[in-house]
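Trainee: Before I ask anything, here is the structure I am working with.
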Amino acid sequence: MNIRNLTYILYTEWLKVRNYRTFWLLAGLYTLTLLLLLFSLQGILNNVTVNINTKSPLPIPEYPVYSFPGVWQNLTYIAGFLKMFPAFLIIILITNEFTFTTYKQQIISGSRRMEFLTAKTLMVAILSVGIALLIGISGMIAGLLQQSPDYEAIVSRKLIFLASHALELFTYLMFASILAFLFRRAGITIIVFLLYSFIIERILVFRLPDAVGRFLPLEACSNLVPLPNSALMKIFGVSFSEYTSVADAGICFVWAMIFYLLIYWLLRKRDL
Amino acid sequence: MFSFFVIFPGRPRQKTEHQTTNHQPTEPTILKQQILDIENLSKSYGKLEALKELDLSVERGQVFGLLGPNGSGKTTTLGIILGALHPNRGDFRWFGERLTEKSLKRIGAILEHPNFYPYLNAVDNLKIVARIRNSDVSDIDRVLRLTNLYDRRQHRYQTYSYGMKQRLAIAGALLGNPEVLILDEPTNGLDPLGIAEIRELIAGVAAEGTTIIMASHLLDEVQKICSHVAVLKQGRKLFAGSVDDVLNNTETILVGAESMEALEAALIEYPDYQSHKISSGFVEMKSNGVVRPAEINHFLFEKGIVCTHLSIRKKSLENYFLEITASNGGTNQAS
């Protein structure tokens, strides 16, 4: 698969979504919500801090969300709460091909199954990287509005959290993809997806020892960007990891590969 | 079949492909070219055997009709040869080779329903098809005009009537002028005018030398368009051959008289008599060769029988189909 093929496949995908209003409406709503969340985060936290301070015996300091380099971890962490929306987008894009039976038509017209999988994986990759970039730009703007530019602080090791978040999204969306390929209908896929991500895996993580639970796919995704250390945390003596662990990144990457191969196997094996 | 080639000796494109068939220098090579060869193909869905040991071959230039009642395995057959379904047993070859994406790009096909993005217009939908088939986007206008959709090309697919959707599917299959056209119930959902238009369109495409494989349960349609036909019932092939063979070997005449017994007795002695049956107050007699009403009338009159009714029943594929499917056991579901 060379670059020319990839751009050819990608442009065909572009033709499919270019005039697809539902897609742009959902994507627009998601982008707006994400930006709103990112830019109002400081205000929300300040409000909470003020409220707590009226009752707390200890004064709790304000938490500077947008200060470099912490901003990269803070924003990618909070953006993680909205990641099911791009997952819905991907589920809709994939199940559409089965609902409209356009996948079948493309295969009998001489498209490879592999091409179809590549197309959808590219969409997943573009969404993941695109969202991470959007968060990066937002963080840069919000940070620079509050403080003078400090190159050292901006380009710190914490910048890696943008890449971590892209991988988190990629693995998460690949999980959504395999469900979409498996069930082929948007309704059932979204229900199973929600059931698994918010109930089944939560119970498993709760029941299993940490050493095992961290290997579950969505848990591994969430672990890529750990909860940032706040001043409040430090007061209670809790400390969370400041960086993405290589092991978690490895687990996510392996899951993404497994999903990709499983989808390929499913497409090869199943009748259209 | 042979006459078909005499009239339409194929398109120039055929020269560039299949140069391997040069072992018969005395004959034009296109005569013997196998487009599709199906061997012993079987497919079951759980316990239901949809297709049982099907053998079939289609040669270049044929307009091949796949006939059968609903659920007889027509769409399953087309699905398998297009690589959409995996057969349980058996094999098939396109252009003498196993199915690849390359061979699929030489085939234009519609399978079951029209498959398009409802929110895109005809042009955008066909652009996607053209990219997948590696055919030129400039061909889109031609196929839209051919299928009478050009005026509605900017309208979204979801605003189309079923007939228009069906025509767009045919337009998509015609993109890039493929060597083989596979049509699954192409006139499904069309009004009588639409059916006539599509029939004309298919005949025109066939006249250019394109091989056509068409599944249908409309016998009249197959009779009007096809050069060859295979009849399927419950996944089994009952017959395969040229349409002329089906229609020419016997003819039927309906005769009525005062006394049916006397009429029956007399007709049995008629020289070209083959078989007969009584249907709705007439004797329906099959004769060997061409039926000559005047001769029969004269023959009966000499026997002292005056005909009250005499009409030739043109042998139709429908009659043949009803006969062949009924005689092979089970009830006939043909509509």
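Trainee: Among A:Leu208, A:Tyr103, A:Tyr20, whose Cα projects farthest towards the positive end of the dipole of chain A, with charges put on the beta-carbon of Lys, Arg (+1) and Asp, Glu (-1)?
Mentor: About the Cα centre, the residue reaching furthest to the positive side is A:Tyr103.
Trainee: For B:Leu51, list long-range residues whose amide hydrogen, built 1.01 Å from N in the peptide plane, is under 5 Å from its own amide hydrogen.
Mentor: Correct list: B:Lys43.
Trainee: On C-alpha positions alone, give me the angle between the axis of helix B:317-327 and the longest principal axis of chain B, in degrees, nearest 10.
Mentor: That helix lies at roughly 80 degrees to the long axis.
Trainee: With contacts defined as alpha carbon pairs under 8 Å and 6 or more residues apart, what's the relative contact order of chain A in percent?
Mentor: About 24 percent, as a whole number.
Trainee: Please determine, in degrees from 0 to 90 and to the nearest 10, the orientation of helix A:84-99 with respect to the longest principal axis defined by the Cα atoms of chain A, where the helix direction is its Cα long axis.
Mentor: 10
Trainee: Mean projection of the alpha-carbon convex hull of region B:251-327 over all orientations, in nm²?
Mentor: That works out to 5.0 nm².
Trainee: Just tell me how shielded A:17-26 is by partners: mean number of partner chain Cβ atoms within 10 Å of each residue's Cβ, no decimals.
Mentor: The per-residue average across the peptide is 2.
Trainee: Kirkwood hydrodynamic radius of region B:53-161 from all distinct Cα pairs, in Å?
Mentor: Over region B:53-161, the inverse of the mean reciprocal pair distance is 16.3 Å.
Trainee: I would also like to ask the following. Could you tell me the calculated FRET efficiency between B:Lys47 and A:Asn2, based on Cβ-Cβ distance and R0 = 51 angstrom, to the nearest 0.05?
Mentor: 0.65
Trainee: Next up: When every alpha-carbon pair in chain A is counted, what percent end up more than 33 Å apart?
Mentor: Working: 10323 of 36856 pairs.
Counting every Cα pair in chain A, those more than 33 Å apart make up 28 percent.
Trainee: Can you give me the P(r) profile for the protein assembly as shown? Cα pairs, bins 20 angstrom wide beginning at 0, each as a whole percent.
Mentor: P(r) for the protein assembly as shown, in whole percents per bin: 16, 37, 25, 14, 6, 2, 0.
Trainee: Just how large is the dipole of the protein assembly as shown about the Cα centre, in debye to the nearest 20, putting +1 at every Lys and Arg Cβ and -1 at every Asp and Glu Cβ?
Mentor: Numbers: 58 positive and 52 negative charges, 350 e Å.
That gives a dipole near 1680 debye.
Trainee: May I pose another question? Which whole-percent values make up P(r) of chain B when all C-alpha to C-alpha distances are grouped in 20 Å steps starting at zero?
Mentor: 28, 49, 20, 3
Trainee: Next question, about the same structure. List the aspartates and glutamates whose alpha-carbon lies under 15 Å from that of B:Lys303, not counting same-chain residues fewer than 8 positions away?
Mentor: Those aspartates and glutamates meeting the cut-off are B:Glu258, B:Glu261, B:Glu264, B:Glu269, B:Glu295.
Trainee: So how do A:Cys252, A:Cys221, B:Cys307 line up by other beta-carbon neighbours within 10 Å, fewest first?
Mentor: B:Cys307, A:Cys252, A:Cys221
Trainee: What does the charge count around A:Ala220 come to, taking other residues whose C-beta lies under 11 Å from its C-beta (Lys +1, Arg +1, Asp -1, Glu -1)?
Mentor: Around A:Ala220, the charge tally is -3.
Trainee: Using DSSP loop states and a limit of at most 14 other Cβ atoms within 10 Å to flag trypsin sites (Lys or Arg not before Pro), what is the longest stretch of chain A containing no flagged site? Write down the numbers at each step before the final one.
Mentor: Details: sites that count: A:Arg185, A:Arg270.
Counting only loop sites that pass the neighbour cut-off, the longest clear stretch is A:1-184.
Trainee: Roughly how crowded by other chains is peptide B:119-125, in terms of the mean Cβ count from those chains within 10 Å of each of its Cβ atoms?
Mentor: Taking the mean over all residues of the peptide, I get 4.
Trainee: In whole angstrom, how far apart do the alpha carbon centroids of region A:1-78 and region B:31-75 sit?
Mentor: After rounding, the separation between the Cα centres reads 55 Å.
Trainee: Taking just the alpha carbons, could you work out the radius of gyration and Dmax for region A:1-160, both in angstroms?
Mentor: Expressed in Å, the Cα Rg and Dmax of region A:1-160 come to 20.9, 71.
Trainee: Here's another thing I want to ask about it. Compute the distance in nm between two label points, each set 7 Å from the Cα along the Cα-to-Cβ direction, one at A:Leu208 and one at B:Ile312.
Mentor: That separation, rounded to one decimal, is 8.1 nm.
Trainee: Return the sequence-ordered ³J(HN,Hα) values of region B:104-119 in whole Hz as given by the Karplus equation 6.51 cos²θ - 1.76 cosθ + 1.60 applied to θ = phi - 60°, using x for Gly and Pro.
Mentor: My calculation for region B:104-119 gives 5, 6, 8, 10, x, 9, 10, 10, 6, 8, x, 10, 9, 7, x, 8 Hz in order.
Trainee: Set the Förster distance to 51 Å, then compute FRET efficiency between B:Leu193 and B:Asn288 from the Cβ-Cβ distance, nearest 0.05.
Mentor: 0.80
Trainee: Enumerate by residue number the trypsin sites (Lys or Arg not before Pro) in region B:52-87 meeting two conditions: DSSP loop (anything except H, G, I, E, B), and at most 16 other Cβ atoms within 10 Å of the site's Cβ. Working shown, then result.
Mentor: On the way: sites: B:Lys52, B:Arg60, B:Lys74; in loops: B:Arg60.
The qualifying sites: there are none.
Trainee: In Å³ and rounded to a whole number, note down the convex hull volume per residue for the Cα atoms of region A:92-239.
Mentor: 167
Trainee: Over region B:211-308, what per residue volume does the convex hull of the Cα atoms give, in whole Å³? Each step should come with its number before you reach the end.
Mentor: Values: hull volume 13.1 nm³, N = 98.
Spelled out: Cα convex hull of region B:211-308, divided by residues, is 134 Å³.
Trainee: DSSP loop (so not H, G, I, E, B), at most 15 other Cβ within 10 Å: list which GluC sites (Glu not before Pro) in region B:133-207 pass both filters.
Mentor: none
Trainee: Using a 10 Å cut-off around each Cβ of peptide B:132-138, what is the average number of partner chain Cβ atoms that fall inside? It would help to have the intermediate numbers written out before the result.
Mentor: Numbers: counts 13, 4, 3, 2, 0, 0, 0.
For peptide B:132-138, the averaged partner shielding equals 3.
Trainee: Quick one: which residues, 5+ away or cross-chain, put their amide H under 5 Å from the amide H of B:Ala215? H built at 1.01 Å from N.
Mentor: Amide H neighbours of B:Ala215, under 5 Å, 5+ apart: B:Leu66, B:Leu183, B:Asp184, B:Glu185.
Trainee: Just going by the charge dipole of region B:251-327, with Lys and Arg at +1 and Asp and Glu at -1 on Cβ, which of B:Ile324, B:Ser275, B:Val255 is farthest out on the positive end?
Mentor: My answer, from the dipole projection, is B:Ile324.
Trainee: Calculate the spin-label point distance for A:Ala125 paired with A:Leu36, positioning each point 7 Å from the Cα along the beta-carbon direction, and give it in nanometres.
Mentor: Rounded to a tenth, the inter-label distance reads 3.3 nm.
Trainee: For the residue pair B:Ala203 and A:Arg184, what label-to-label distance in nm results when each label sits 7 Å from Cα along the Cα-to-beta-carbon direction?
Mentor: Rounded to a tenth, the inter-label distance reads 3.8 nm.
Trainee: May I pose another question? With charges only on Cβ, +1 for K and R and -1 for D and E, what is the dipole size of region B:251-327 about its Cα centre, in debye, rounded to 20?
Mentor: Its charge dipole is roughly 220 debye.
The numbers here are math on the coordinates, done by the rules we state, and not lab data. Bear in mind that the values here come from a model prediction, so they are computed numbers and not experimental data. Because the Cβ atoms are built from the backbone with ideal geometry, glycine has one as well, and the counts that use them run over all protein chains shown.
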